[in-house]
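Since every read-out is calculated from the coordinates, none of them should be taken as a lab result. Since we're looking at a predicted model, the values are computed, not measured. Virtual Cβ from ideal backbone geometry, glycine too; neighbours counted across all protein chains shown.
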Ligand code: HEC
């Protein structure tokens, strides 16, 4: 009788600890793909990507994005290590292939732990920082 109780208790402990350890692991798996609605993705960037805009975008990037996305956009900023999910590598083709409209929508909406920039940045500043993000594209051979 005692043995049976012991077995039941052991099983319970194993099951409980399994849940305790497995649930956070599952929660850590990459979130589903983040996709902008097609209409938002089609929006055109009204700010020409000239030198002036790229320079202004770099200033905005340094103030608002670098802490998470890192100096070269590789997702390795000083605040990145404690975040889950991790900030994305902005040089990655998966991001560079997106339209400006799609990135604009994501900046506006945010997705935890990335903040929404709707209030933090004006619309023009959001388009401007995208012009700078384009310059982070991974260069071939690098
Ligand atoms: C607090 C940290 C933080 C800041 C600040 C931040 N990001 Fe992010 N960013 C993230 C995280 C985390 C993700 C991944 C979110 C996800 O996939 O759910 C992300 C994802 C992205 C993506 C990729 C979206 C995709 O297609 O998967 C882009 C583009 C981006 N950030 C641009 C920016 C820009 C530009 C700024 C500055 C205006 C910025 N981020 C500021 C943390 C941050």
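Results, tabulated for the structure shown:
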item: Mean separation of Cα contacts under 8 Å (6+ apart) over length of segment 38-136, as relative contact order %; result: 37
item: Cα-based convex hull volume of the chain per residue, rounded to whole Å³; result: 154
item: Using alpha-carbon coordinates, inclination of helix 51-64 to the longest axis of the chain, degrees; result: 30
item: Taking 105, 127 and counting other C-beta atoms within 10 Å, the order from fewest to most; result: 105, 127
item: Residue order, fewest to most surrounding Cβ atoms within 10 angstrom, among 62, 102; result: 62, 102
item: Taking 135, 11, 128 and counting other C-beta atoms within 10 Å, the order from fewest to most; result: 11, 135, 128
item: Angle in degrees between helix 123-133 and the longest Cα principal axis of the chain, rounded to the nearest 10; result: 80
item: Added length on full extension, which subtracts the Cα-Cα distance from 0.36 nm per residue, residue 8 to residue 139; result: 41.2 nm
item: Mean projected area (nm²) of the alpha-carbon convex hull when segment 46-123 is viewed from all directions; result: 5.2
